[in-house]
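Visitor: Below is one structure. I have some questions about it.
The values are calculated or read from the model by the stated rules, or taken from the named source; none is laboratory data. Worth saying up front: this structure is predicted, and the values here are computed from it rather than measured. Don't worry about glycine lacking a Cβ; one is built from the backbone with ideal geometry, like all the others, and counts go over all protein chains shown. Heavy atoms of the whole protein, side chains included, go into the accessibility calculation; ligands, DNA and RNA do not. Shrake-Rupley method; radii C 1.70, N 1.55, O 1.52, S 1.80 Å.
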Amino acid sequence: NAEERGYRVLRWAPTGSLLAMNFNLSHKDEDLRGLFAEPDFRAAFSQAIDREDMNERLLGGLGVITQPTSPAGTDYHVEGAGQNNIEYNPEQANELLDGLGLTETNSEGIRLMEDGSPLEIVLSYVEDNAMIPRTDAFNMARENLAEVGIDLVLRPVDGSLYAELRGGNDFDMSGTTVADDDWDLEPVWYIPTAPNSHRAPGYGQWYVSDGAEGMEPP
């Protein structure tokens with residue numbers, strides 16, 4: 001009916017990261033929130049993950065290694081974007097973590113926070129084996145991170161609980177695919193404009209409530 005009714009039909013080209021890990025930058029715990037806000041910590045966390053090994057073992061080397069961002073050929077593509085700290089460099093990761101004062105470890109080699117508690121990050125995600133086995137991928141990341149003294153705890157949950165944890169700002173880190181070209185339709189993927197943000201729902205709640213609820217972003 002397009003010609004007859006005078007409209008156009010545009011085919012949606014599905015794009016997005018196969019799998020990504022998102023820190024909760026609006027974490028309720030002040031110490032973790034402060035740590036997650038440190039660029040050096042996020043860089044160290046990223047550099048500790050061997051993406052090439054993950055790509056070869058889980059995708060036969062066919063994956064494209066990048067941080068979630070708009071791909072080439074789209075309106076929001078920026079040349080060179082998506083390449084920050086994606087090289088596997090555990091030595092540099094250790095240096096960055098030491099520089100943040102996370103130098104003490106427990107008997108298992110896990111770094112200790114300032115209050116003496118182990119540096120444990122719980123990754124909440126919905127299990128999905130459709131394209132890449134998420135638990136397999138996250139287990140590989142967990143093993144990598146343990147080598148630099150970070151304890152990544154996997155927490156697979158069902159979709160309802162995953163949404164509840166995000167809406168309640170009650171998680172350390174989320175594991176999901178990330179839309180890479182929905183800046184117009186769903187800016188919440190990158191900017192916390194709603195409480196369903198995967199990376200800062202507390203700030204999203206503050207935004208939609210005009211500051212009446214949630215947490216004011218720094």
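Visitor: Would you mention how many residues in the stretch 156-168 are within 21 Å of residue 30 (Cβ to Cβ) and touching a Phe, Trp or Tyr at 6+ places or on another chain (Cβ under 9 Å)?
Guide: 1
Visitor: Then there is this: Starting from the stretch 83-94, keep only residues that are without any contact (Cβ under 8 Å) to a residue 40 or more places away in the chain, then list their pairs with residues that are loosely packed, with under 15 Cβ neighbours inside 10 Å and assigned to a loop (DSSP other than H, G, I, E, B) whose Cβ atoms are within a distance under 9 Å, requiring at least 6 positions of separation or different chains.
Guide: The qualifying pairs are 83/65.
Visitor: Please go through the stretch 187-207 and give me each residue that is farther than 16 Å from residue 174 by Cα and either aromatic (Phe, Trp, Tyr) or buried (at least 20 other Cβ atoms within 10 Å of the Cβ) (or both), ordered by number.
Guide: Within the stretch 187-207, 205, 206, 207 meet the criteria.
Visitor: On to the next question. Report the residue count in the stretch 121-141 for those that are within 17 Å of residue 172 (Cβ to Cβ) and open to solvent by less than 30 Å² (accessible area, probe 1.4 Å).
Guide: Residues meeting the conditions: 7.
Visitor: Return the pair list, or none, for Cβ contacts closer than 9 Å from residues in the stretch 145-160 that are acidic (Asp, Glu) to residues that are in a helix (DSSP H, G or I), at least 6 apart or on different chains.
Guide: Between residues of the stretch 145-160 that are acidic (Asp, Glu) and residues that are in a helix (DSSP H, G or I), the close pairs are 147/90; 147/93; 147/94; 151/142; 151/145.
Visitor: A further question on this structure: Could you say whether any residue in the stretch 4-23 is in contact with a strand residue (DSSP E or B) (Cβ under 8 Å, 6 or more places away or on another chain), of a type outside the set (D, E, K, R) and more than 19 Å from residue 87 (Cβ to Cβ)?
Guide: Checking the stretch 4-23: at least one residue is in contact with a strand residue (DSSP E or B) (Cβ under 8 Å, 6 or more places away or on another chain), of a type outside the set (D, E, K, R) and more than 19 Å from residue 87 (Cβ to Cβ).
Visitor: Assuming residue 55 fulfils every condition listed in (1) part of a loop (DSSP other than H, G, I, E, B); (2) more than 24 Å from residue 193 (Cα to Cα) apart from one, which condition is it?
Guide: So the condition that residue 55 fails would be (1).
Visitor: In the stretch 72-82, which residue that is free of Cβ contacts under 8 Å to residues at least 40 places away in the same chain and within 28 Å of residue 44 (Cβ to Cβ) is surrounded by the fewest Cβ atoms within 10 Å (Cβ to Cβ)?
Guide: Here the residue is 79.
Visitor: If a residue has to be in contact with a Pro (Cβ under 9 Å, 6 or more places away or on another chain), of a type in the set (Val, Ile, Thr) and open to solvent by less than 50 Å² (accessible area, probe 1.4 Å) to count, how many in the stretch 86-120 make the cut?
Guide: Counting residues in the stretch 86-120 that are in contact with a Pro (Cβ under 9 Å, 6 or more places away or on another chain), of a type in the set (Val, Ile, Thr) and open to solvent by less than 50 Å² (accessible area, probe 1.4 Å) gives 1.
Visitor: Scan the stretch 152-166 residue by residue and report those that are over 16 Å from the mean Cα position of the chain (by Cα) and either assigned to a helix (DSSP H, G or I) or more than 27 Å from residue 208 (Cα to Cα) (or both).
Guide: Of everything in the stretch 152-166, those that are over 16 Å from the mean Cα position of the chain (by Cα) and either assigned to a helix (DSSP H, G or I) or more than 27 Å from residue 208 (Cα to Cα) (or both) turn out to be 159, 160, 161, 164.
Visitor: Here's a follow-up. What residue, of 210, 170, 181, is among the charged types (D, E, K, R), open to solvent by 60 Å² or more (accessible area, probe 1.4 Å), assigned to a loop (DSSP other than H, G, I, E, B) and touching a residue at least 60 places away in the same chain (Cβ under 8 Å)?
Guide: 170
Visitor: Could you identify the single residue in 114, 95 that is more than 23 Å from residue 16 (Cβ to Cβ) and modelled with pLDDT under 95?
Guide: On inspection, the qualifying residue turns out to be 114.
Visitor: Select from the stretch 1-50 the residues that are crowded, with 18+ Cβ neighbours inside 10 Å and in a helix (DSSP H, G or I) and list them in ascending order.
Guide: Selection gives 32, 33, 35, 36, 41, 44, 45, 46, 47.
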